[in-house]
1. How do the pairs read when you match residues in the stretch 156-169 that are modelled with pLDDT of 95 or more with residues anywhere that are in a loop (DSSP other than H, G, I, E, B) and hydroxyl-bearing (S, T, Y), using Cβ under 6 Å and keeping only pairs 6 or more apart or on different chains?
2. Against the definition (modelled with pLDDT under 95 and either crowded, with 21+ Cβ neighbours inside 10 Å or not aromatic (F, W, Y) (or both)), how does P259 come out, yes or no?
3. Being within 16 Å of the ligand (Cβ to nearest atom) and at positive phi is true for just one of A91, A114, A126. Which residue is that?
4. If I ask for residues that are in contact (Cβ under 8 Å) with a residue 40 or more places away in the chain, touching an Asp or Glu at 6+ places or on another chain (Cβ under 7 Å) and closer than 21 Å to T95 by Cα, which ones from the stretch 271-306 would you list?
5. Restricting to the stretch 68-90, name every residue that is among the hydrophobic types (A, V, I, L, M, F, W, C) and surrounded by 15 or more Cβ atoms within 10 Å (Cβ to Cβ).
6. Filter the helices (runs of 4 or more DSSP H) completely within the stretch 16-129 down to those with at least 1 residues that are among the polar types (S, T, N, Q) and modelled with pLDDT of 95 or more.
7. Quick one: which residue in V204, V253, V172 is closer than 22 Å to R93 by Cα, touching a helix residue (DSSP H, G or I) at 6+ places or on another chain (Cβ under 6 Å) and surrounded by fewer than 24 Cβ atoms within 10 Å (Cβ to Cβ)?
8. Name every residue in the stretch 1-10 that is part of a loop (DSSP other than H, G, I, E, B) and at pLDDT 95 or above, in order of residue number.
Amino acid sequence: MSVGVVRETADGERRVALVPKVVASLVGKGVDVIVESGAGIDALIPDSQYVEAGATIGDPYSADVVLRVAPPADDEIAKLRSGQKLIGFLAPRNTDNKIGALKAAGVEAYAVEAIPRISRAQVMDALSSQGNVSGYKSVILAAEESTRFFPMLTTAAGTVKPATVLVLGVGVAGLQALATAKRLGARTTGYDVRPEVAEQVRSVGAQWLDLGIEAAGEGGYARELTDSERAQQQQALEDAIKGFDVVITTALVPGRPAPRLVTAAAVEGMKAGSVVIDLAGETGGNCELTEPGQTVVKHDVTIASPLNLPATMPEHSSELYSKNLLALIELMLGEDGVITPDFDDEVLAAACVTREEASA
Ligand code: NAD
């Protein structure tokens, strides 16, 4: 049984699917690991460390299972063969995803995004591990862009009040953003349309902003708001946002464009020098003035919409992602050391997106 680790080719992608420590675990289980030369280079992991961990440097597409981070490009799909397994982020909900091409090529593809958000699967949950990185880094970026301190400072030259930070959409990334902003000394507030989030928000020392709109959907996700709910929410947020130095938005609805939470008028109402970090840029953004992938200044407010923040912290992002993949592979490994996925297992059945009966 062999697994291959590819060198990522997507623009700006610095992560790698396996780090040497996890390679050593797999080798210890009798799995051959074939790493493409330079696969770890952007995460500052030289080939020599993979060799020390027991891998061979070679063609990852010769392996039984190909591991990657970002979805494959067409020329990479062409290197896969029928019956081969592929595991990675495959963006199954994106309209331009490559699932059809993988199915046509006979590849048994597993999308880490499709792993169910259940307790048993937490260890494999790459959306969560990478969401934590995004949430953390969004606060660091906000602090960098801000013209003000985050913590309260009492100095001989006077006292500085702590920054106020509002996080809109408190899933994994939002919760980590609240916790990180708190650690930096800010006064934090969280808002979401799923009422059960209130307790989690309070558990990281933040206040809960209650706008009276509840929109819990399926599988722990939010549902899209109705037009009237959206108008009510935008108006209420317009009033609330005025009082904050920093707004971090992470609101997503699976398979839908990002909900518009922050209107242009809300930005106009913010104090000069305030900051909006919009983590929903990949699906259009939560702020009306967001330009995905750009940092712009509108009405003296900085609006940044960084894409793929986990790639900017490749060491820890790769380490966490590797551990997610290790757990998934362990779930697939039979006692004979061969990968034999049991599709009666709800995690594997959901993650495999190229079987007829699989739901993407
Ligand atoms: P997500 O990235 O899909 O969305 C981020 C947040 O945006 C969510 O909290 C969502 O409720 C919120 N949101 C959507 N529309 C909104 C709107 N109009 N206004 C305000 N907020 C809005 O979320 P996620 O981080 O992927 O987490 C999704 C769910 O999965 C959560 O319930 C989380 O607790 C759960 N989860 C479970 C496990 C597990 O048990 N294995 C692991 C991770 C996450």
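The values are calculated or read from the model by the stated rules, or taken from the named source; none is laboratory data. Keep in mind that what you see is a predicted model, and the values were worked out from it rather than measured. Don't worry about glycine lacking a Cβ; one is built from the backbone with ideal geometry, like all the others, and counts go over all protein chains shown.
1. Once the first residue is modelled with pLDDT of 95 or more and sits in the stretch 156-169, its partners that are in a loop (DSSP other than H, G, I, E, B) and hydroxyl-bearing (S, T, Y) give G169/T250.
2. Values: modelled with pLDDT under 95: no; either crowded, with 21+ Cβ neighbours inside 10 Å or not aromatic (F, W, Y) (or both): yes.
Criteria not met by P259.
3. Details: A114 fails: at positive phi; A126 fails: at positive phi.
Just one listed residue meets the conditions, A91.
4. Selection gives N286 alone.
5. Step one: of the stretch 68-90, the residues among the hydrophobic types (A, V, I, L, M, F, W, C) are 69-70, 73, 77-78, 80, 86-87, 89-90.
The answer is V69, A70, I77, L80, L86, I87, F89, L90.
6. On the way: elements: 20-28, 47-52, 74-77, 99-104.
In the stretch 16-129, the matching helices (runs of 4 or more DSSP H) lie at 20-28, 47-52.
7. Numbers: V204 fails: closer than 22 Å to R93 by Cα; V253 fails: touching a helix residue (DSSP H, G or I) at 6+ places or on another chain (Cβ under 6 Å).
None of the other options fit; the residue is V172.
8. Within the stretch 1-10, V6, R7, E8, T9, A10 qualify.
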